[in-house]
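A short worksheet on the structure shown next.
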Amino acid sequence: FELFNVQDGEMRLTLVFFGATNEVVGQSHFVAQGSSSGCNGTVASSTFSRRNEKVAVPTGARRLQAALVSGGPAATRGVMLIDNLSVAPEPNQPAVLFGSFWSNPGFEEGTELDNPQLGQPTGWSRGGADVSMDQVITDAFMSSSHALAVIDAKNDSFGEWYRFLDLAGKAAPGDALQ
């Protein structure tokens, strides 16, 4: 699920696949521009929109990194939140993502999760030029009570959340993920 309101550029969720020696073997960018359908001006008054994407695991992939990024032009400003991030091999026409191997999809595990600036969901790291943009939000979410957010009000910097995931035994080259 996603919620965004982005001006003068784009934000994105990026998936990067790494090979056995940590070389990049593929990547996909899921871009957000403008406002999501549930955006109503403030995070607290808005609702998340479901977004399902498919990506093929490239040949040689051994590890997956997900990054929530305020990027594109330096002038990009706005907010992008994700919640209930799931990654699973694609079964036949699922109603729900069965078999997701993405742990902590609702960002409910970690430390100080009710503190936007200090919250640290298990497995996730803050990055970018200004990590103060990377926050754990409790006033808009799809899971029990938390969502990841990049809140970018600057036109000369960016923030990102990222996480690596070992693909061994979970997905193989040629598998389609959603």
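The values are calculated or read from the model by the stated rules, or taken from the named source; none is laboratory data. What you see is a predicted model, and the numbers here were worked out from it, not measured in a lab. Neighbour counts run over all protein chains shown; Cβ positions are idealised from the backbone, glycine included. Keep in mind that these areas ignore ligands, DNA and RNA; they rest on the heavy atoms of the full protein, side chains included. Shrake-Rupley method; radii C 1.70, N 1.55, O 1.52, S 1.80 Å.
Things to note:
- Accessible area per residue (1.4 Å probe, heavy atoms of protein chains only) ranks VAL55, VAL131, VAL25 as VAL131, VAL25, VAL55, with the largest value leading.
- Residue order for GLU2, GLU112, GLU23 - accessible surface, 1.4 angstrom probe, largest first: GLU112, GLU23, GLU2
- Protein heavy-atom surface of region 10-118, 1.4 angstrom probe: 51% of the accessible area is carbon and sulfur, with nucleic acids and ligands not counted.
- Dipole magnitude for region 10-152: computed about the Cα centre from +1 point charges on Lys and Arg Cβ and -1 point charges on Asp and Glu Cβ, it is near 420 debye.
- Nearest-10 value in Å² for the accessible area of THR111, using the 1.4 Å probe: 80
- Heavy-atom accessible area per residue - region 43-178, 1.4 Å, Å²: 46
- Compared with the alpha-carbon gap, the fully stretched path from ASP156 to THR21 is longer by 45.3 nm at 0.36 nm per residue.
- 19 Å cut-off, amide nitrogen to a point 7 angstrom out along ALA74 Cα→Cβ, residues in region 127-167: 128-133, 152-160
- Kirkwood Rh, Cα atoms: Rg over Rh of the chain: 0.95
- Here GLU10 sits with roughly 50 square angstrom of accessible surface, probe radius 1.4 Å.
- Accessible area per residue, Å², region 1-40 with all protein chains present, probe 1.4 Å: 46
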